[in-house]
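The structure appears right after this line, and notes come after that.
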Amino acid sequence: MLGIFLRRILLAIPVLIAVASITFFLVRLAPGGPFDADKAVSEQVLKNLNEAYNLNAPLSEQYFDYMSGILVGDFGPSFRFPGRSVTELIMTGLPVTFELAIYSMLIALFIGILSGVTAALKRNTFLDYIPMSIAMIGICVPTFLLGPLLVLIFGINLELLPVSGWGQLPGDKILPSLTLGFAYAAYIARLSRGGMLEILNQDFIRTARAKGLSEKMVVIKHAMQGGLIPVVSFLGPAVAGLLAGSFVVETIFQIPGLGRFYVEAAFNRDYTMILGTTIFFSFMIVFFNLLSDIVALWLNPRSRDT
Amino acid sequence: MSQSSSLWSDAIRRLFKNKAAVAGAVVLVVLIVLAAFAPWIAPYPYAYQNLDLGASPPSSAHLLGTDVLGRDLLSRILYGARISLLVGFIATTVALVIGVSWGIIAGYSGGKVDSVMMRIVDILYGLPFIIFIILLMVIFGRNLWLLFLAIGAVEWLTMARIVRAQVLSLKNQEFVLAAQAMGVSNFAMFKRHLLPNILGPVAVYATLTIPQVMLLESFLSFLGLGIQPPMSSWGTLIKDGVESMEEYSWLLIYPGLTFTITLFALNFFGDGLRDALDPKTSE
């Protein structure tokens, strides 16, 4: 058991180094320097800029500088926001995105597990069909369509909720969180239904029922622990999707989070910002994949003994 | 031969019984025909502007209305279908070719080759590919073919795993051993014995990959990192629709509806195909 964890963690290290290196060199491959975008600068200024950002040093030296910087959480300066470091920008956006992600995940878990488990227990009744049809819609309607539609309905037509912003008007966090959470609620509902159906047919559930446990105990204490393993395994990869979703949701609702910073950096060709955020995102994704793998392993009694 | 054809004819029979899957297939066929013949069917060229008209609601001249530049929305949706479906099919084909070859080679070779190849897949799985695609689009410009390749290069991983698992289970079966004993070359082995037997799961996964790929493309286009104007994919149409939805809601609703219906059709068809080919999974 401990061996598996250690191997997973050891495997993650080369992945992270590879991600950081590939990103670093990809960004260097980009045509044009970081300063020749909109305004032409004089040669002397350019030289000084390159000097200041140490861009004249040999590539290998820059690479090792950058990599050792990452180790202490330093992603270098932003090329577009002079005087601000990428780390600073990430730290400004991160809490907002984090809050958005937490709310969406809570919504997704609550709705998803509740409807998935209910659907599995009331299989082939309308309590199964209706939530599962809605889940199909949730999977087929992309976030970038759902968000604007919700804005159109609740923000513009019914005028119930603010159409944009984050923490400025009461209730402006509801629509973004719902938009981002809905697709995950759908996936989680399908996964928990499938997982529960599989578990409910097994012998130990029959045993639990036979020894006279109440149905509630059987479901909560015995079935859900195993039935929800697919959900836990899904949560790690979901973080990657959540980030991608935050790009869209933060753009639609004009939320000053990491996702919007990233998209703006991509548009402005702020290479150091792209580089830094890409590496930062990768670290988060690898970390959460690892975490959900470990939790799923730990929940599964079959793998616990080995 | 008669055995394999009966497997497929059974599957087709089961598929036809599944109403959702048939409906999905019909929608898809109609869409593909419309997209293929868009230049002849569409009432206007996709870049034709009528600035005097501006954004007008659906009317008899413009069945789905026009956008802010006076371009006919129906025509743009039809032309957009070409791009969106093309991305779906080409990127899925790229994923298919890489994934199937990778999986067959890894599974059939076994041993060290297999473990190295699958370890590479494991490592790639952990990478944040959406971010990498955005990075590629930023660095190398918003090139249509690069988009196809980049998306295809992301989606092959699961395919490789599925194919490898299939090959592993086939490898020790008698007909493969017999073929080996008769000295069949590796290439003939792939073509004659392995490929036909993994076709089912591959077909299923491919149909389910297409909607994912289309979502990814429209996601990029929505962020402004995909297809560039005046060309339109459904993603760019939805993006344009969002920008003017307060005044002209039809610009969001019709492209959105088309896209959603297509995704539904693909998912229903894919699910139906899976159930038809593997009756065990359908309950």
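The values are calculated or read from the model by the stated rules, or taken from the named source; none is laboratory data. Note that this is a predicted model, so its numbers are computed, not measured. Cβ coordinates were reconstructed from backbone atoms using ideal geometry, including for glycine residues, and neighbour counts include every protein chain displayed.
Answer with yes or no whether A:L213 is in contact with a Gly (Cβ under 8 Å, 6 or more places away or on another chain) and hydrophobic (A, V, I, L, M, F, W, C).
Working: in contact with a Gly (Cβ under 8 Å, 6 or more places away or on another chain): no; hydrophobic (A, V, I, L, M, F, W, C): yes.
Judged against the criteria, A:L213 is not a match.
Test A:G236 against the criterion of being in contact with a Phe, Trp or Tyr (Cβ under 9 Å, 6 or more places away or on another chain) and modelled with pLDDT under 85, and give yes or no.
yes
Find the helices (runs of 4 or more DSSP H) located wholly in region B:159-277 whose residues include 1 or more that are more than 14 Å from chain A (Cβ to nearest Cβ), and list them.
Fully inside region B:159-277 and qualifying: B:174-181, B:195-222, B:250-277.
Considering only residues that are in a loop (DSSP other than H, G, I, E, B) and either within 17 Å of the chain's Cα centre (by Cα) or buried (at least 21 other Cβ atoms within 10 Å of the Cβ) (or both), which ones fall in region A:236-254?
Selection gives A:F253 alone.
Just checking, how many residues over region B:86-144 are of a type in the set (D, E) and more than 14 Å from chain A (Cβ to nearest Cβ)?
Going through region B:86-144 one residue at a time, the tally reaches 1.
Residue under question is B:L147, and the condition is that it be within 24 Å of the chain's Cα centre (by Cα), away from chain A (no Cβ under 14 Å), of a type in the set (A, V, I, L, M) and under 30 Å from A:G259 (Cα atoms); does it hold?
So B:L147 passes the test.
Which residue is farthest from A:N201 (Cα to Cα), if the candidates are limited to region A:104-157 and must be away from chain B (no Cβ under 14 Å) and surrounded by fewer than 17 Cβ atoms within 10 Å (Cβ to Cβ)? Before the answer, list the steps.
First pass over region A:104-157, keeping only residues away from chain B (no Cβ under 14 Å): A:104-118, A:121-122, A:125-127, A:130-131.
When the remaining residues are screened for being surrounded by fewer than 17 Cβ atoms within 10 Å (Cβ to Cβ), the result is A:106, A:110, A:114, A:122, A:125-127, A:130.
Details: A:L106: 29, A:F110: 24, A:L114: 19, A:K122: 14, A:T125: 18, A:F126: 21, A:L127: 19, A:I130: 23 Å.
By that ranking, first place goes to A:L106.
For region A:255-278, indicate whether the set of residues that are away from chain B (no Cβ under 14 Å) and surrounded by fewer than 18 Cβ atoms within 10 Å (Cβ to Cβ) is non-empty.
yes
Quick test of your reading of the structure: A:F79 fulfils all but one of (1) assigned to a loop (DSSP other than H, G, I, E, B); (2) exposed (fewer than 13 other Cβ atoms within 10 Å of the Cβ). Name the failing condition by number.
Unmet for A:F79, out of (1) assigned to a loop (DSSP other than H, G, I, E, B); (2) exposed (fewer than 13 other Cβ atoms within 10 Å of the Cβ): (2).
Looking at region B:59-95, which of its residues are in contact with a helix residue (DSSP H, G or I) (Cβ under 6 Å, 6 or more places away or on another chain), modelled with pLDDT under 85 and farther than 17 Å from B:S233 by Cα?
Listed by number, the residues that qualify are B:L63, B:G65.
Taking B:D275 and the conditions (1) over 25 Å from A:L149 (Cα atoms); (2) modelled with pLDDT under 85; (3) out of contact with any helix residue (DSSP H, G or I) (no Cβ under 9 Å at 6 or more places or on another chain), which numbered condition does it fall short on, given that it satisfies the others?
(3)
Filter the helices (runs of 4 or more DSSP H) completely within region B:1-85 down to those with at least 2 residues that are touching a residue at least 60 places away in the same chain (Cβ under 8 Å).
Hits in region B:1-85: B:2-17, B:19-36.
Taking B:L28 as the residue in question, decide whether it is within 29 Å of B:V204 (Cβ to Cβ) and modelled with pLDDT of 75 or more.
Working: within 29 Å of B:V204 (Cβ to Cβ): yes; modelled with pLDDT of 75 or more: yes.
Taking the combined requirement at face value, the residue satisfies it.
Could you look through region B:127-158, keep only residues that are of a type outside the set (A, V, I, L, M, F, W, C) and in a helix (DSSP H, G or I), and pick out the one that is surrounded by the fewest Cβ atoms within 10 Å (Cβ to Cβ)?
Within region B:127-158, the match that is surrounded by the fewest Cβ atoms within 10 Å (Cβ to Cβ) is B:T158.
Under 7 Å between Cβ atoms, at least 6 apart or on separate chains: pull out the pairs that start in region A:59-76 with a residue that is in a helix (DSSP H, G or I) and end on any residue that is of a type in the set (A, V, I, L, M).
These pairs meet every condition: A:M67/A:A20; A:I70/A:A20; A:I70/A:I279.
From the residues in region B:241-252 that are touching a residue at least 24 places away in the same chain (Cβ under 8 Å) and farther than 13 Å from B:L64 by Cβ, which one is surrounded by the fewest Cβ atoms within 10 Å (Cβ to Cβ)?
Result: B:E247.
Only one of (1) touching a Ser or Thr at 6+ places or on another chain (Cβ under 9 Å); (2) farther than 17 Å from B:A150 by Cα; (3) free of Cβ contacts under 8 Å to residues at least 40 places away in the same chain fails for B:S221. Which number is that?
Just one mismatch for B:S221, condition (2).
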